[in-house]
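In what follows, a single structure is set out as structure tokens and then discussed.
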Amino acid sequence: MSKKYKSYSQECKKQNIRLVEKELSIQTFSNVSVKIDKNYFAIKPSGVVPKKIDIKECPIIRIKDGKKVYGKYRPSTDTPTHQILYKTFSEIKSISHTHSKYATAWAQTGKSIPVYGTTHSDYWYGKVPVTSYLKKQQLKEYEKNTGYLIVNLLKKLKYNTTTCPGVIVAGHGPFCWGKTFDSAVNYSEMLEFISETAYYSEQLKIKNKLPAHISKKHFDRKFGKKKYYGQR
Ligand SMILES: [Zn+2]
């Protein structure tokens, strides 16, 4: 195994373990991948508990066609979804998919998460959108078509990977992404918090949404042209 693959396989294992540590993953229901370069990414093996991943055999996937080019393990069944996302959005470096409880509850309602507060708008510019369901004739390439479902949703809403760092796939669960190795898992954690608090807000039957100007302000101070959050 080349040294290059080894460090990315190690990173991939680390990110999958982080999901477990953040209690966003149950059993083997989750997967994180990390991009190696413009041609390849490393992804969690299918059905393997993250701590037990043998990094020497971690699957390496070619972005162009989704072919496994290295590793004895079978890759995550969701690999084609990751492949379509990397192929479409060259800027992203990591992708995380979970079945975390509250985000999955929203997935099961088929409803987007409205912007109820600033924790949400600090990271998502608008609602956290939910996809439609795949049609019966799309089942043959289920995971690949799930990728296209996400891509088309972003296009339709005129969102990009910065204003929308993750979506919820209807009836299934969330996919998040980011421009560093850590960020996909971080967004998964944030999305779970947003999902939980939005759930409670709806339980409390609040009628007001966060005013749009406050929502915009919160997003812009972190990611806008004149951002000033954090250290220089
Ligand atoms: Zn899943």
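Derivation of every value follows stated rules applied to the coordinates shown; laboratory data play no part. These numbers were taken from a predicted model, which means no experiment stands behind them. Note that we place each Cβ from the backbone using ideal geometry, even for glycine, and neighbour counts take in every protein chain shown.
General observations
- Per-residue 3J(HN,Hα) values for the stretch 85-93, derived from phi via the Karplus relation 6.51 cos²θ - 1.76 cosθ + 1.60 with θ = phi - 60°, read 5, 5, 5, 7, 10, 5, 7, 8, 10 Hz in sequence order (x marks Gly and Pro).
- Alpha-carbon centroids, the stretch 202-232 and the stretch 69-144: separation in whole Å: 23 Å
- Under 20 Å from LYS56, Cα to Cα: aspartates and glutamates that are on another chain or at least 8 residues apart: GLU11, ASP37
- Length-normalised contact order of the stretch 3-223 in % [C-alpha pairs under 8 Å, at least 6 apart]: 22 percent
- Taking amide H as placed 1.01 Å from N in the peptide plane, TYR70 has its amide H under 5 Å from the amide H of ILE60, each at least 5 places away in sequence or on another chain.
- The C-alpha atoms of the chain define a longest principal axis, and helix 183-203 lies at about 40 degrees to it.
- Backbone phi angles across the stretch 49-54, fed through the Karplus curve with coefficients 6.51, -1.76 and 1.60 (θ = phi - 60°), yield HN-Hα couplings of 5, x, 4, 8, 5, 8 Hz in residue order; Gly and Pro are listed as x.
- GLY178 long-range amide H proximity, modeled H, under 5 Å: LYS93, SER94, ALA184
- Dividing the mean sequence gap of close Cα pairs (under 8 Å, 6+ apart) by how many residues the stretch 83-168 holds gives a relative contact order of 36 percent.
- Sorting PHE219, PHE89 from the fewest to the most surrounding beta carbons within 10 angstrom yields PHE89, PHE219.
- Distant-in-sequence amide contacts of TYR40, defined by a placed amide H-H separation under 5 Å and a gap of 5 or more residues or a different chain, comprise ILE63.
- When the Gaussian network model of the chain links Cα atoms closer than 10 Å, the mean-square fluctuations of TYR200, TYR116, TYR159 top out at TYR200.
- For the stretch 129-144, 3J(HN,Hα) computed residue by residue from phi via the Karplus equation (6.51, -1.76, 1.60; θ = phi - 60°) reads x, 10, 6, 7, 8, 6, 8, 3, 6, 9, 6, 4, 10, 3, 6, 5 Hz, glycine and proline entered as x.
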